[in-house]
1. How many lysine pairs in the chain, separated by 8 or more positions in sequence or lying on different chains, have Cα atoms less than 21 Å apart?
2. Restricting to Cα pairs below 8 Å that are 6+ residues apart, what does the relative contact order work out to for the chain? Please round to a whole percent.
3. What order do you get for 98-111, 154-167 when each peptide is scored by the mean count of other beta carbon atoms within 10 Å, highest first?
4. Can you give me the orientation-averaged projected area of the convex hull built on the Cα atoms of the stretch 132-193, in nm²?
5. Pairing the Cα long axis of helix 3-25 with the longest principal axis of the chain, what angle in degrees results, from 0 to 90 and rounded to the nearest 10?
6. Hey, any idea what Rg/Rh is for the stretch 3-197, computing Rh the Kirkwood way over Cα pairs?
Amino acid sequence: MNSHAKKLCLIFCALPFLWLLSKTLNDQLGANPAEALIRSTGDWTIRILCVVLFITPLRVMSKTPALLRFRRMIGVSVFVYASLHLFCYAGFDMGFDWDDIANDIFKRPFILVGFVGWICLGALALTSNNFAIKKMGAKNWQTLHMLVYLIAFLAVIHFYWMKSAKHNFTEVIIYGAILGALLLWRLGRKLQATLNLK
């Protein structure tokens, strides 16, 4: 990845954070800033996850192998925004009371699902480097990174349960359809590859 492309990718990943930071500093988060930050960081997590999963289909359909170079940085940024989402929840919602947070995780299913998704994202982020690939071996590394499919499913379930309290499912349907289509495309490719081997 050349330096200019890397900088542009980094700027792309940082823009949502800078936008939220600007709104926070300028007191533009509305009547409930804490809730706005929790929701916004969660929204950006699932949006950037959609971008990550779109890279491979776009690379294949556009025949642009160079796009694959951006997947690692954007993938790690998904974990960064998920961590910000968790941090905002732990701080603004729970006051960093770790006992209450632990109880809340097991009391509210959508919190548990989100937390499991964050752990899975952490495993992918920690191994998104050449050293990890070398130590684990390419096959084991690829198997671990199949967790992205579980993460996508958990993200939609977490989002659905969160929105169900307000009976607002429009965004859930949109993100669910996008992620579902991207995963089905991958399954179709794998099925086609399997049939071609026979």
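Read-outs throughout are calculated quantities, based only on the coordinates presented, and are distinct from any laboratory measurement. Everything quoted here is computed from the prediction, not taken from an experiment. Note that we place each Cβ from the backbone using ideal geometry, even for glycine, and neighbour counts take in every protein chain shown.
1. Values: Lys6/Lys63; Lys63/Lys190; Lys107/Lys163; Lys107/Lys166; Lys139/Lys190; Lys190/Lys198.
Lysine pairs meeting the criterion: 6.
2. About 20 percent, as a whole number.
3. Details: 98-111: 13.4, 154-167: 16.7.
Going from most to least packed, we get 154-167, 98-111.
4. Working: hull surface 20.8 nm².
Answer in nm², one decimal: 5.2.
5. 20 degrees
6. 0.98
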